[in-house]
1. I'm trying to understand the selection: among the residues of region 144-177, which are of a type in the set (Gly, Ala, Ser), touching an Asp or Glu at 6+ places or on another chain (Cβ under 8 Å) and modelled with pLDDT of 90 or more?
2. Going residue by residue through region 139-148, is there one that turns out to be in contact with a strand residue (DSSP E or B) (Cβ under 7 Å, 6 or more places away or on another chain) and crowded, with 18+ Cβ neighbours inside 10 Å?
3. Taking the options Glu120, Glu124, name whichever one is more than 21 Å from Gln38 (Cβ to Cβ), open to solvent by 10 Å² or more (accessible area, probe 1.4 Å) and in contact (Cβ under 8 Å) with a residue 12 or more places away in the chain.
4. Within region 56-73, take every residue that is β-branched (Val, Ile, Thr) and within 16 Å of the chain's Cα centre (by Cα) and give me the one that is most open to solvent (accessible area, probe 1.4 Å).
5. Look through region 74-93, keep the residues that are among the hydrophobic types (A, V, I, L, M, F, W, C) and over 13 Å from the mean Cα position of the chain (by Cα), and return whichever of them is modelled with the lowest pLDDT.
6. Looking for whichever is more than 10 Å from the chain's Cα centre (by Cα) and of a type in the set (Phe, Trp, Tyr) here; the options are Tyr128, Tyr136. Which one fits?
7. Within region 150-164, does at least one residue satisfy the condition of being surrounded by fewer than 16 Cβ atoms within 10 Å (Cβ to Cβ) and part of a helix (DSSP H, G or I)?
8. Out of region 99-117, which residues are under 13 Å from the mean Cα position of the chain (by Cα) and open to solvent by 20 Å² or more (accessible area, probe 1.4 Å)?
Amino acid sequence: MFIEPPPTLDWTADSKVSKAGRRHPCLNETGEQTYSYQNLSCAAVLREQGFEVTYLHCPTQRLDCAATEAVIKSVNPLAIVIMKEHINARVAESLSATAKKAGVRVIWCGPFVTALHESEIVNESVDYILRQEWDYAVAELLHALIDPKPLAAIAGLTGRIRTGKTVINPSGRKSMI
């Protein structure tokens, strides 16, 4: 399940506040919405490999935090993927905490967590951070979780393993499946 979260914790469907492809929430009179091409690319890779993919674009679907949490609990996916940014950090953490309580694995990706992966992985609401490009890395990670395999081969992975130890894999290798 990919989640493009509401712009703020107190956002409502009647709000005209939107990210609309910008770095910061803004007043959006036109109703324009943009989708993360990185997440869409990753979702396409997963679908091509046979995964069932749910994509929540909360502002477009008029899902506030409570409604999004209800969808997470109802669908109960193997994992959620959120491109965590500085502007949606509190929302991403809140939705991720809900997912974790429901037994869903949480994957964060994007430039913000790539730069800050060592400090972000200590957050209890995330299991894995995929640094740099994540379109194929998410597929590799999900395959490794379904058919338990060592995570060491997944380029750009920062994560906590069952022992509580943090692993940081090297970046830069091409993902191959």
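1. Pass one, region 144-177, residues of a type in the set (Gly, Ala, Ser): 144, 152-153, 155-156, 159, 164, 171-172, 175.
If we keep only those that are touching an Asp or Glu at 6+ places or on another chain (Cβ under 8 Å) too, we end up with 153, 156, 159, 175.
Hits for region 144-177 are Gly156, Gly159.
2. Taking region 139-148 and keeping what is in contact with a strand residue (DSSP E or B) (Cβ under 7 Å, 6 or more places away or on another chain), we get 141-142, 145.
From what's left, crowded, with 18+ Cβ neighbours inside 10 Å: 141-142.
Yes: one or more hits.
3. Working: Glu120 fails: more than 21 Å from Gln38 (Cβ to Cβ).
Residue meeting the stated conditions: Glu124.
4. We begin by selecting, within region 56-73, every residue β-branched (Val, Ile, Thr); these are 60, 68, 71-72.
Restricting the remaining residues to those that are within 16 Å of the chain's Cα centre (by Cα) gives 68, 71-72.
Working: Thr68: 0, Val71: 38, Ile72: 0 Å².
Applying the filter and picking the extreme gives Val71.
5. First, pick out the residues of region 74-93 that are among the hydrophobic types (A, V, I, L, M, F, W, C): 75, 78-83, 87, 89, 91-92.
From what's left, over 13 Å from the mean Cα position of the chain (by Cα): 75, 87.
Details: Val75: 96, Ile87: 82.
Result: Ile87.
6. Numbers: Tyr128 fails: more than 10 Å from the chain's Cα centre (by Cα).
Answer to the selection: Tyr136.
7. Taking every residue of region 150-164 in turn, at least one turns out to be surrounded by fewer than 16 Cβ atoms within 10 Å (Cβ to Cβ) and part of a helix (DSSP H, G or I).
8. Initially, region 99-117 is screened for residues under 13 Å from the mean Cα position of the chain (by Cα), giving 99-100, 104-114.
Within region 99-117, Lys100, Arg105, Pro111, Phe112, Thr114 meet the criteria.
The values are calculated or read from the model by the stated rules, or taken from the named source; none is laboratory data. Bear in mind the structure is a predicted one, so any value in this text is a computation, not a measurement. Neighbour counts are summed over all protein chains in view; Cβ atoms, including those assigned to glycine, are modelled from backbone coordinates with ideal geometry. When the accessible area is computed, the model is the full protein with side chains, heavy atoms only, and any ligands, DNA or RNA have been set aside. Shrake-Rupley method; radii C 1.70, N 1.55, O 1.52, S 1.80 Å.
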